[in-house]
């Protein structure tokens with residue numbers, strides 16, 4: 001697995017308004033996990049849209065080794081839809097399945113294997129809507145694993161998940177790093193991002209990018225989050241206010 | 001007992017069996033993707049076009065296609081007005097179409113009793129050409145479903161990831177709406193402008209109460225639509241009423257029974 005993510009001077013936005021993200025410039029190597037920090041509306045999801053080729057870019061370029069896999073926030077999924085965990089995981093094979101063929105037997109096997117990898121081997125046939133929030137998040141990650149992409153983009157995968165799910169997801173991150181894949185993860189938990197390989201701070205524009213020890217200074221965090229920054233545990237931990245008005 | 005040797009009844013039964021195909025395949029997506037109001041609107045907005053087609057002697061399906069295209073364009077234009085919600089725009093167009101249709105039928109062309117047929121359908125008027133139109137739409141529905149059901153499933157489940165999965169959700173959704181419009185148009189002859197939902201929505205909505213799986217939903221809706229259609233032909237012929245109202249009574253009754261049964265069903269208790 002090789003390639004990584006190269007973004008050079010990226011500026012882009014929807015419609016004719018001002019740029020939703022500007023001056024984004026970073027290189028994420030294969031085997032690196034990048035934490036993407038920023039306030040609500042700071043451009044984290046917009047950056048992912050740009051990497052997915054869904055955002056009109058006005059300047060700059062994005063270089064990827066292939067189509068990335070994307071894991072959305074779990075609450076964007078319809079819980080009343082008649083799909084099982086297996087059905088959702090199998091969607092990861094749609095890109096390589098011709099419309100007139102059934103999904104290949106190998107992919108069906110791999111979909112089960114991906115669910116086992118995220119600790120849901122015994123929940124394969126369960127309706128997606130009947131799973132817990134953390135389990136649903138793991139199903140969406142299993143779907144991304146089946147895409148066999150060199151780059152994975154995960155939108156707040158650890159927000160509000162239970163401890164078991166969080167541990168499973170972190171273990172999958174470690175596997176992906178060992179496999180040489182590049183993983184970009186948005187989060188509001190600064191301490192969590194500090195444990196990964198690189199941190200990208202966004203607030204409409206790129207504030208900083210680099211190793212966590214170099215990037216996560218009080219000045220950078222203040223510039224990134226402004227009034228949305230909350231410092232906890234006597235100053236040893238900082239979190240941004242999350243999408244749903246709660247801190248993680 | 002119904003005598004199916006009469007050609008008009010044979011055509012009516014064939015029409016209902018053909019309509020069961022889009023009722024099962026597209027009806028499931030209509031229910032899952034919450035497009036019931038759109039389906040109803042496509043039927044209703046065709047009413048003034050049907051009045052014109054009847055008066056001018058042109059094929060009602062062609063007139064209905066023109067009405068559906070006009071409806072789609074007008075809805076898209078209204079939807080761009082941010083102060084008007086999409087369902088409000090649909091409602092506005094729907095009421096406007098009914099009003100125009102009534103004025104055309106009563107004051108311009110003086111269509112008289114034919115208005116009932118246009119609004120609620122007729123078994124007697126079905127021609128071989130109508131059956132061919134319906135057969136073509138049924139075959140097109142099968143092809144569309146085969147080609148696009150993965151797109152519709154993934155986009156309906158979670159739209160934001162569909163393109164990242166290698167799918168084309170915008171094109172697929174437009175073709176879904178076009179397929180639903182085509183199915184609604186061919187259903188007009190049998191059930192009329194006001195009751196296309198009875199054949200395209202109600203069977204799938206009924207089966208949805210009984211299953212959480214996609215394949216049984218599609219097959220069940222198809223089977224129920226076929227059974228209700230044949231029963232409606234018998235009822236309409238026996239009581240000398242329109243097929244649309246007969247099917248509406250039948251479909252509504254079955255839905256009410258199933259809804260009551262599922263509501264009374266003991267629920268599993270989890271510890």
Residue match in the stretch A:158-175 (condition: within 14 Å of another protein chain (Cβ to nearest Cβ), buried (at least 21 other Cβ atoms within 10 Å of the Cβ) and touching a residue at least 12 places away in the same chain (Cβ under 8 Å)): no
Residues of the stretch A:79-104 that turn out to be part of a helix (DSSP H, G or I) and surrounded by fewer than 19 Cβ atoms within 10 Å (Cβ to Cβ), as a count: 2
Qualifying residue in the stretch A:105-121 (condition: within 12 Å of chain B (Cβ to nearest Cβ) and either over 20 Å from residue A:182 (Cβ atoms) or surrounded by fewer than 16 Cβ atoms within 10 Å (Cβ to Cβ) (or both)): no
Residues of the stretch B:191-235 that turn out to be within 14 Å of another protein chain (Cβ to nearest Cβ), outside any helix (DSSP H, G or I) and either closer than 15 Å to residue B:246 by Cβ or in contact (Cβ under 8 Å) with a residue 24 or more places away in the chain (or both), as a count: 2
Residue among B:41, B:6 that is within 17 Å of residue B:125 (Cβ to Cβ) and at pLDDT below 90: B:6
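Would you please name the residue that is surrounded by the most Cβ atoms within 10 Å (Cβ to Cβ), looking only at residues in the stretch B:234-252 that are over 15 Å from residue B:188 (Cα atoms) and modelled with pLDDT of 90 or more?
Our first condition is that a residue be over 15 Å from residue B:188 (Cα atoms); within the stretch B:234-252, this holds for B:234-241, B:249-252.
Those still in the list that are modelled with pLDDT of 90 or more too: B:249-252.
On the way: B:249: 15, B:250: 20, B:251: 25, B:252: 13.
Residue satisfying both the conditions and the ranking: B:251.
Checking the conditions here, which among A:81, A:86 is more than 10 Å from chain B (Cβ to nearest Cβ), farther than 29 Å from residue A:215 by Cβ and touching a helix residue (DSSP H, G or I) at 6+ places or on another chain (Cβ under 8 Å)? Can you show your working first?
Details: A:81 fails: more than 10 Å from chain B (Cβ to nearest Cβ).
Matching residue, one of A:81, A:86: A:86.
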Qualifying residue in the stretch B:135-143 (condition: within 30 Å of residue A:85 (Cβ to Cβ), away from every other protein chain (no Cβ under 14 Å) and modelled with pLDDT of 85 or more): yes
Any hit, the stretch B:165-179, residues being in a helix (DSSP H, G or I), buried (at least 19 other Cβ atoms within 10 Å of the Cβ) and without any contact (Cβ under 8 Å) to a residue 12 or more places away in the chain: yes
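For the condition within 11 Å of chain B (Cβ to nearest Cβ) and within 18 Å of the chain's Cα centre (by Cα), what is the one hit in A:29, A:54? First the steps, then the outcome.
Numbers: A:29 fails: within 11 Å of chain B (Cβ to nearest Cβ).
Among A:29, A:54, only A:54 is within 11 Å of chain B (Cβ to nearest Cβ) and within 18 Å of the chain's Cα centre (by Cα).
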Scan of the stretch A:69-78 for residues that are more than 7 Å from every other protein chain (Cβ to nearest Cβ) and surrounded by fewer than 22 Cβ atoms within 10 Å (Cβ to Cβ), ordered by number: A:73, A:75
Scope the stretch A:4-38; condition touching a helix residue (DSSP H, G or I) at 6+ places or on another chain (Cβ under 8 Å) and surrounded by 21 or more Cβ atoms within 10 Å (Cβ to Cβ); matching residues: A:5, A:7, A:10, A:12, A:20, A:21, A:24, A:33, A:35, A:36, A:37, A:38
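The values are calculated or read from the model by the stated rules, or taken from the named source; none is laboratory data. In this text the structure is predicted, and so the values were computed from the model without any measurement. Don't worry about glycine lacking a Cβ; one is built from the backbone with ideal geometry, like all the others, and counts go over all protein chains shown.
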